[in-house]
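Visitor: I'd like to ask you about the structure that follows.
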Amino acid sequence: MRIYTVYETNNMKYIVVPVKEGFNWFAFMFSVPWAMFNRMWLFTLVILVTNVFIGWAVIKFGGDMTALMTALIGVAALIGWTSNDLRGHVLVKRGYKAVATLLASNSDSAVERYLRRSSINHNKTYRNRAGGPW
């Protein structure tokens, strides 16, 4: 089971987006395509500039290929750890709201579990212990 944060919006149509919490292996291995796929253009530019700058700095200060690869793997690990949090932040900036955090085996079951839970909560009339809505 994984932890997902569910974001939803009602801007033009009802959209629910689950974002897995924790490390993102795809963003670790392929950070630029991952950022472009998620339409995070500024983050794509930051990744490219950072990698070019680190490559330049390591070579400029006399580092070898081992130092360069260590530095780039370190940056990739940092991207892998922060990518899902950044994706959630970008979704909030686009008008989404974080509405639930839940356990699910995959993203589809996270959406299904959220929709099932939200439909149950919307149809429920809240009553106190005496049985009335007061």
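Visitor: Just to verify a result, which residue in the stretch 1-42, among those that are surrounded by 15 or more Cβ atoms within 10 Å (Cβ to Cβ) and aliphatic (A, V, I, L, M), is farthest from Ser109 (Cα to Cα)?
Guide: Start the filter on the stretch 1-42 by keeping residues that are surrounded by 15 or more Cβ atoms within 10 Å (Cβ to Cβ), which leaves 2, 4-9, 16-20, 24, 27-28, 31-32, 34-35, 38, 40.
Checking which are aliphatic (A, V, I, L, M) leaves us with 6, 16-17, 19, 27, 32, 35, 40.
Working: Val6: 11, Val16: 12, Val17: 12, Val19: 12, Ala27: 22, Val32: 27, Ala35: 24, Met40: 25 Å.
Looking at residues that are surrounded by 15 or more Cβ atoms within 10 Å (Cβ to Cβ) and aliphatic (A, V, I, L, M), I get Val32.
Visitor: Please list, ordered by first then second residue, the pairs with beta carbon atoms under 6 Å, 6 or more apart or interchain, first in the stretch 60-88 and without any contact (Cβ under 8 Å) to a residue 12 or more places away in the chain, second assigned to a helix (DSSP H, G or I).
Guide: Between residues of the stretch 60-88 that are without any contact (Cβ under 8 Å) to a residue 12 or more places away in the chain and residues that are assigned to a helix (DSSP H, G or I), the close pairs are Ala67/Val58.
Visitor: Restricting the search to the stretch 24-53, which residues are in contact with a Gly (Cβ under 9 Å, 6 or more places away or on another chain) and free of Cβ contacts under 8 Å to residues at least 60 places away in the same chain? Reasoning before the result, please.
Guide: Step one: list which residues in the stretch 24-53 are in contact with a Gly (Cβ under 9 Å, 6 or more places away or on another chain), which gives 24-29, 31.
Correct list: Trp25, Phe26, Ala27, Phe28, Met29, Ser31.
Visitor: Residues being β-branched (Val, Ile, Thr) and open to solvent by 40 Å² or more (accessible area, probe 1.4 Å): count how many of those fall in the stretch 60-112. Break it down into steps so the answer makes sense when it comes.
Guide: First, the residues of the stretch 60-112 that are β-branched (Val, Ile, Thr): 66, 70, 73, 75, 79, 82, 90, 92, 99, 101, 111.
Among the residues that remain, those that are also open to solvent by 40 Å² or more (accessible area, probe 1.4 Å) are: 66, 70, 73, 82, 92, 99, 101.
Here the count works out to 7.
The values are calculated or read from the model by the stated rules, or taken from the named source; none is laboratory data. Everything numeric here is computed off the predicted structure, so don't read it as measured data. Cβ atoms come from the backbone with ideal geometry, glycine included; neighbour counts cover every protein chain shown. Just so you know, the surface numbers come from the protein's heavy atoms only, side chains and all, with ligands and any DNA or RNA stripped out. Shrake-Rupley method; radii C 1.70, N 1.55, O 1.52, S 1.80 Å.
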